[in-house]
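Values quoted throughout were computed directly from the atomic coordinates according to the rules given, and no laboratory measurement underlies them. Just so it is clear, the structure is predicted and the values come from calculations on it, not from any experiment. Because the Cβ atoms are built from the backbone with ideal geometry, glycine has one as well, and the counts that use them run over all protein chains shown.
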Amino acid sequence: MAYDLYVVTDSEVGRGRSHFDQARLAVAGGADVVQLRDKQMCTADLLRTARGIRAVTSTAGALFIVNDRLDVALAAGADGVHLGQDDLPVEEARALAPPGFLIGVSVGDVVEATTAVVGGADYLALSPTFSTGTKADAGPGHGLRTLREIRSSVALPLLGIGGIGPENVAEVIAAGADGVAVVSAVVGQEDAVQAARRMKVIITAAKADLLVASGRLMPDPVQP
Ligand SMILES: Cc1ncc(COP(=O)(O)OP(=O)(O)O)c(N)n1
Ligand SMILES: Cc1ncsc1CCOP(=O)(O)O
Ligand SMILES: [Mg+2]
């Protein structure tokens, strides 16, 4: 399961585009995962939107995650749900979800990370990794030292989220993240497809650098 580039939709940052259009552009640019995140829509609209994004992500071979709402995720046939520390506890979601349904959990330290693992999480997101203007209540960034600590404590896929863009994504991967979740770096850009492609290129190169450094991949030969 690839989590390299995980794009979260946002009605305020998304330049007036619908969640569906943000998702369509994200997958056209190579996003591996799309999350529908909306705190304002009524449940019926959220479900209609989720069904549309389910279709476009399935066609593209990308994963589809719904933020907060296990009920909507299940009704739309999403691949999973993302839960924060104040949302439905992961063990409750696990008990309700069918086998194979993905549950992601936001964590801020090693204790929250190990608790989420015990509760049955499938992936973790260090939230926020850096400070961000996109989520008003996100608080200060936990930073790369915390990311490294979590990486060395848990084996689950680990994402960075918050304040990540082309300028710092390679550092986040080098610190041990399996991928990054972004809002403004993709859906906030005028050319969201190109922005996603650029992020993917940087992530892929950063992962290749790590493999070379670990001796598991031969470097490209230097051209004469
Ligand atoms: C991939 C990912 N990581 C973190 C979050 C934040 O979740 P949460 O802390 O529950 O905050 P809200 O997004 O619900 O405001 C996320 N949504 N996705
Ligand atoms: C949804 C969310 N959860 C933690 S930070 C964040 C917003 C990240 O937005 P950006 O990528 O624009 O910093
Ligand atoms: Mg939440």
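For Leu63, enumerate residues with amide H under 5 Å from its amide H, sequence gap 5+ or separate chain, H modeled in the peptide plane.
Val33, Val34
If the reach is capped at under 19 angstrom between alpha carbons, list the lysines near Lys39, excluding any in the same chain fewer than eight residues apart.
Lys135
List the residues of segment 134-159 whose backbone N lies under 11 Å from a point placed 7 Å from the Cα of Leu210 along the Cα-to-Cβ direction.
148, 151-152, 157-159
What list of ³J(HN,Hα) couplings, whole Hz, do you get for segment 183-199 from phi and the Karplus terms 6.51, -1.76, 1.60, once you set θ to phi - 60° and write x for glycine and proline?
So the J values, rounded to whole Hz, are 10, 4, 5, 10, 6, x, 8, 4, 9, 5, 5, 5, 4, 5, 4, 5, 4.
If packing is taken as the average count of other Cβ atoms within 10 Å, what order do 32-39, 209-216 fall into, highest mean first?
Going from most to least packed, we get 32-39, 209-216.
Taking K and R as +1 and D and E as -1, what net charge do the other residues with C-beta under 14 Å from the C-beta of Ile203 add up to?
-2
If amide hydrogens are placed 1.01 Å from N in the peptide plane, which non-local residues have theirs closer than 5 Å to the one on Leu217?
Sorted by chain and number, the residues that satisfy this are Val212.
May I ask you to derive the FRET efficiency for Ser11 and Leu96 from their Cβ-Cβ distance with R0 = 25 Å, giving the value to the nearest 0.05?
0.35
Using only the alpha carbons of the chain, what is the convex hull's orientation-averaged projected area in square nanometres?
Mean projected area for the chain: 12.9 nm², to one decimal.
With n ≥ 4 as the cut-off for DSSP H runs, can you work out [θ] at 222 nm for the chain, using -39500 (n - 2.57) per run divided by the number of residues, rounded to the nearest 500?
Value at 222 nm, helices only: -12500 deg cm²/dmol.
Within a 10 angstrom radius of the beta carbon, how do Met1, Met41, Met199, Met218 rank from fewest other beta carbons to most?
Met218, Met1, Met41, Met199
What nm distance separates the two modelled labels at Met1 and Ser58, each placed 7 Å from Cα along Cα→Cβ?
Going by the 7 Å Cα→Cβ label model, 1.9 nm.
Per residue of segment 87-97, in order, report the coupling 6.51 cos²θ - 1.76 cosθ + 1.60 (Karplus, θ = phi - 60°) as ³J(HN,Hα) in whole Hz, putting x for Gly and Pro.
After applying 6.51 cos²θ - 1.76 cosθ + 1.60, I find 9, 3, x, 4, 5, 5, 5, 4, 5, 8, 8 Hz.
Contact order normalised by length for segment 5-214, with contacts defined as Cα pairs under 8 Å and 6 or more residues apart; what percent is it? Mind showing how you got there, number by number?
Details: 419 pairs, mean separation 44.4, N = 210.
It rounds to 21 percent for segment 5-214.
About its Cα centre, how strong a charge dipole does the chain have in debye, to the nearest 20, once Lys and Arg get +1 and Asp and Glu get -1 at the Cβ?
480 debye
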